[in-house]
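Working notes, structure below.
The values are calculated or read from the model by the stated rules, or taken from the named source; none is laboratory data. Owing to the predicted nature of the structure, the values given are computational and were not obtained by experimental measurement. Cβ atoms come from the backbone with ideal geometry, glycine included; neighbour counts cover every protein chain shown. When the accessible area is computed, the model is the full protein with side chains, heavy atoms only, and any ligands, DNA or RNA have been set aside. Shrake-Rupley method; radii C 1.70, N 1.55, O 1.52, S 1.80 Å.
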Amino acid sequence: MQDIITLKVLSTISENGFSLDELVFQTRELFEKEGLAGFVGLILRLADEKICMQIVQGKPVYNQVACCSEARYEYQGSLSRRFRTSVGTVAIKWRRLRCCNCGRTSIPLRDFLGLDRYKSKTSELEKMVTEIVSEQSYRRSSNHLDSIGNIPVPKSTAHRWVAQSDCDKMDDSDESFDMLFADGTGFKRRPDKEAKINNRGELRVALGVDKSGSIVPLAAFSGKSWDEIAAAVQCQRQNGKPVADMLVSDGERGIAESFAQLCNFHQRCHWHCVNDLNYTMWQDKAKKDERKQMQKKLTAIIGVELPEEDFEMVEDSDKEVLAEAVADAEYDVGKLIKKLYDKGYVTAGDYLTRASKNMFSYARRWLLTGIVGPRASSMIERMMRELARRLKRMAFGWSEEGAARMARIIIKRFTSAGQWEKYWKKKLKINGNVVLVLRGITADDLQPLGR
Ligand SMILES: [Zn+2]
């Protein structure tokens, strides 16, 4: 049916003229029966006809490379192709030309469009599917696609597209960031009794924040140690170039050990220091009142405020006062630690001893560089909570790689540096040329007629 309609339109355009009524009638029939996909197909057929005619006539065509020095082309049949797109399936036949001199064949429309040999879907559809899939379950996604515009993409197909795409690729620049954050979150993975793998997977993420405050995802893995992740993030940077100026960590074992050496400074998250003091004292069987009291004390000690003015505006004497305040605070933390040990709270004492080494890096860094940095890792924690929530809503029994891949897509989409759009911009190759073709007549064309 589609052949008849589109060919009819083609012949009315190319032969004995047509009436306006006929054009409207045929266009409506095309849209009703074939929708937008039929229209895209029609444009492609027209393009195919024009391109092939030009080549046979020996005129140059975009993206067409001559097969030999004395190429002469003749028409040699046509091939059916179908493409999945967001407006439906576009079905066309494109012509094949053969060179009478060297015998090589080519498909001019495919070359013109810059399509891979096996391309069967548009990138815009792939982007749409990936975005829908990264927000809900695969099953619901394919229903959703079905309902938004006749896009029959079954669950298994959507799943395969996401698995085969490289849209989850992380930042591979050698930039040194202002901040580095790392955190982990649990998810339900596919258990394997024989391999002794339980269902508790952990997703581990590292994010960089650049000078302008944009968040750039650096790594997201499941089933990898923090050491391995740190090595992956470091390896792009030559000669020990730091990954970031300052690491902000929550004190989880492994993160600091693996990442601190990749940064100039390391700040322990203050919120965690206070929170984990409660937990470790609880492990030491301290009473609730006492735990609260110690937390209050610690909060008061570590809250050393930086001046609000710009670094240059602050008097040297005031900087000295701040340096002294930091030294005093460190001394007070030491006293607090001693108190914990005296009372037999060894777990809490050990915890605070470790944490105290990097409690005031934010102030030291400011004194050295004038840069104000965060004292808490709340930014990445919000991100990890959102990540966990989404993964849970999408599916249970993730494979390690499947969960990590989806995590990469989600954080790429939701971090501020626009990496997601950047990736697709490259892939979609939208540079305004099609708008000109569809308009047919440009503003410039109208100028001589006296608009
Ligand atoms: Zn040739």
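For Met179, the amide hydrogen comes within under 5 Å of the amide hydrogens of Val209, Asp245, Met246, counting only partners 5 or more places away or on other chains and with H modelled in the peptide plane. Every Cα-Cα pair of the chain was included, and the share exceeding 43 Å stands at 39 percent. Backbone amide hydrogens, once placed in the peptide plane, bring Lys93 within less than 5 Å of Arg81, excluding anything fewer than 5 places away on its chain. Using Cβ point charges alone (K and R +1, D and E -1), the dipole size of the chain about the Cα centre works out to roughly 2240 debye. For a straight C-alpha distance cut-off of 19 angstrom, the aspartates and glutamates reachable from Lys422 (same-chain residues fewer than eight places away being disregarded) are Glu124, Glu126, Glu131, Asp166, Asp168, Asp171, Asp172, Asp174, Glu175, Asp210. For the chain, the solvent-accessible area of protein heavy atoms averages 56 Å² per residue (probe radius 1.4 Å; ligands and nucleic acids excluded). Estimated purely from DSSP H runs of n ≥ 4, each contributing -39500 (n - 2.57), the mean residue ellipticity at 222 nm for the chain is -16500 deg cm²/dmol once divided by its residues. Checking the table Lys392/Lys427; Lys211/Lys241; Lys33/Lys155 against a 20 Å threshold on Cα-Cα, which pairs fail? Cα-Cα > 20 Å for Lys392/Lys427; Lys33/Lys155; rest within. Spatial offset of the stretch 379-419 relative to the stretch 240-308 amounts to 25 Å, using the alpha carbon center of each. Checking every one of the chymotrypsin sites (Phe, Trp or Tyr not before Pro) in the stretch 347-420 against DSSP loop status and a limit of 12 other Cβ atoms within 10 Å picks out Phe396.
Using C-alpha pairs below 8 Å separated by at least 6 residues, the relative contact order for the chain is 14 percent. Dipole magnitude for the stretch 16-63: about 260 debye, using +1 per Lys or Arg Cβ and -1 per Asp or Glu Cβ, origin at the Cα centre.
Computed log10 I(q)/I(0) for the stretch 16-79 at 0.16, 0.20, 0.21, 0.23 Å⁻¹: -0.72, -0.89, -0.92, -1.00, from the Debye equation with unit scatterers placed on every C-alpha and solvent omitted. When the accessible area of the stretch 100-242 is computed with all protein chains present and a 1.4 Å probe, what percentage of it is carbon and sulfur? About 46 percent, which is the carbon plus sulfur part of the accessible surface. Using the Karplus relation 6.51 cos²θ - 1.76 cosθ + 1.60 with θ = phi - 60°, the per-residue 3J(HN,Hα) values for the stretch 92-105 come to 9, 10, 10, 6, 10, 10, 10, 7, 5, 7, 9, x, 6, 10 Hz, with x marking Gly and Pro. Restricting the GluC sites (Glu not before Pro) of the stretch 37-85 to loop positions (DSSP other than H, G, I, E, B) with no more than 10 neighbouring Cβ atoms within 10 Å leaves Glu70.
Please list, or write none, the lysines whose alpha carbon is within less than 30 Å of the alpha carbon of Lys297, excluding same-chain residues fewer than 8 places away. Partners found: Lys285, Lys287, Lys288, Lys319, Lys335, Lys338, Lys339, Lys343, Lys357.
When only alpha carbons are used to place a centre, the stretch 316-375 and the stretch 206-234 end up 27 Å from one another.
When you filter the GluC sites (Glu not before Pro) in the stretch 273-325 for DSSP loop state and at most 16 other Cβ atoms inside 10 Å of their Cβ, you are left with Glu305, Glu308, Glu309, Glu315. Based on DSSP, what percent of beta bridges with both residues in the chain are antiparallel, to the nearest 5? Counting only bridges with both partners in the chain, antiparallel ones make up about 75 percent.
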